[in-house]
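Coordinate-derived values only; no laboratory data. Bear in mind that the values here come from a model prediction, so they are computed numbers and not experimental data. Don't worry about glycine lacking a Cβ; one is built from the backbone with ideal geometry, like all the others, and counts go over all protein chains shown.
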Amino acid sequence: MYTSQLPDLLLQAVAQAHAQIIEGKLDLAGVGTTTLLGGVLIRVQQQQALDFSHAFVYASVGDCKGYLWSREHRTLSEMADPRAADPRANARDPGGRIGPHTGDLPDLRNICCELCPCERGDIIFLVTDGVHDNFDPQSLGITPAECHCVPARLDASSNSATADHPDVDTSQTWEEFTRADPSRAAAAKRAFAEEHMRHVLLAPLGEPPSRDAAVCPLCGAVEASIPADGDNVPELLPEHVAEALLEHCHVATRWQRVWMQQNPKSKVPHDYQRFPGKLDHTTCVAWLVGE
């Protein structure tokens, strides 16, 4: 099978998943909808003359995200997404979903199919917005100007597409920055999230973050002791990726949960600086390429 054949198969799978949601339902009013990110990991045959050994071909509807940890380059990057340059104006709107959105039809506004080149030993992980939104600087109460703080721009040596982290107007809020230049705002957020996620994942293995660990003064996330690139960088495993990301979400949303426990009949004030993070479904699926 050729990689060019996979998009049609993936779109058929998305259609089948939607059909299964509504099948046999006489009253669609109570039927839920869901976002979806899934794909196929394949080994590339030599006769295809490509410069990578494996490829993850995926389809996405909604606001889930995929990431690639490169074992060789020790870099973490968000998978290509043509929707990234158009940040959501409303965090409550995932941009698309399957299930009965309008009548019995899905919401396919942002459906896409993409290919992510990868190598044996890399780690691919897919997360819901309840995970990746807790690495978004806006959700963490961090201003565009503060994106220059640690974790800041990616190293110039990084091979990530977002290594050229754009400068920002220090007087702007994220809303103002996004209205003025959506592409640059999205790039700034992505660069911050990738580097912050890398810090969390490279905490020393064998010593998972504890409730008493030092915390990041910016977002309340566990402060990782980051080894230098090279032989001292710990070998990541898929289970460590999932555990570290979910633990980060737990710590980052701490003050929201405390407030809700103390004020059970009231909504948490919309103030990301006082109450950082996002409470939402937190799912992470991670696996090792080539295994």
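Among 101-111, 240-250, the peptide with the highest mean count of other Cβ atoms within 10 Å heads the list, and the full ranking is 240-250, 101-111.
Between Arg257 and Ala180, the simple spin-label model (points 7 angstrom out along Cα→Cβ) gives 3.7 nm. Stretching His270 away from Leu28 to a fully extended chain increases their span by 83.9 nm, per 0.36 nm per residue minus the current alpha-carbon distance. Which FRET efficiency value, to the nearest 0.05, is calculated for Leu279 and Glu119 with the Förster distance at 45 angstrom and r the Cβ-Cβ distance? That gives a FRET efficiency of 0.80.
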